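I have placed the structure first, in the form of structure tokens, so that the comments after it can refer back to it.
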Amino acid sequence: MAEASTVFGWAFGDPGREADEAYQQELRASALENALQEASRKGVEADAATAAYTVVDGDASLIDHGEAARGRIVVRCTVHVSGPGAEKLHAEGPMNG
């Protein structure tokens, strides 16, 4: 598996609950599930053990997440993928492709 073979998923949350660790865990789980679904849509297998999480402020980020992120916290989960065509996938900016 090439190191650059990755996809990611997103979860959007309430900024008022940013300090709530249990809530953050829920968002991470949701972002991971979204990444696994994205890998499945692309026909590759995701390795959940490689999940890496980033929390960004939808209003202060250079990444345009659209209306879904406006005024929300955004959790991105990046996972490594393998299988036919995986080497063509690169999680960059807000897109998988």
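The residues listed here are GLU26, GLU3; of these, the one that is at pLDDT 95 or above and open to solvent by 80 Å² or more (accessible area, probe 1.4 Å) is GLU26. Applying the set (1) surrounded by fewer than 20 Cβ atoms within 10 Å (Cβ to Cβ); (2) assigned to a helix (DSSP H, G or I); (3) modelled with pLDDT of 90 or more to ALA68 leaves exactly one unmet item: (3).
Per-residue answers, yes or no, for (1) without any contact (Cβ under 8 Å) to a residue 24 or more places away in the chain; (2) of a type in the set (Gly, Ala, Ser):
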{"site": "PHE12", "(1), (2)": "no, no"}
{"site": "ALA19", "(1), (2)": "yes, yes"}
{"site": "LEU36", "(1), (2)": "no, no"}
{"site": "ALA39", "(1), (2)": "no, yes"}
{"site": "GLU45", "(1), (2)": "no, no"}
{"site": "ALA48", "(1), (2)": "no, yes"}
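Being at pLDDT below 80 and more than 12 Å from the chain's Cα centre (by Cα) is the requirement here; does ARG41 meet it? It is false that ARG41 is at pLDDT below 80 and more than 12 Å from the chain's Cα centre (by Cα).
The values are calculated or read from the model by the stated rules, or taken from the named source; none is laboratory data. Not measured: the values here are computed from a predicted model. Please note: Cβ atoms are built from the backbone with ideal geometry, for glycine as well, and neighbour counts cover all protein chains shown. Ligands, DNA and RNA are excluded from the accessible area calculation, which covers all protein heavy atoms including side chains. Shrake-Rupley method; radii C 1.70, N 1.55, O 1.52, S 1.80 Å.
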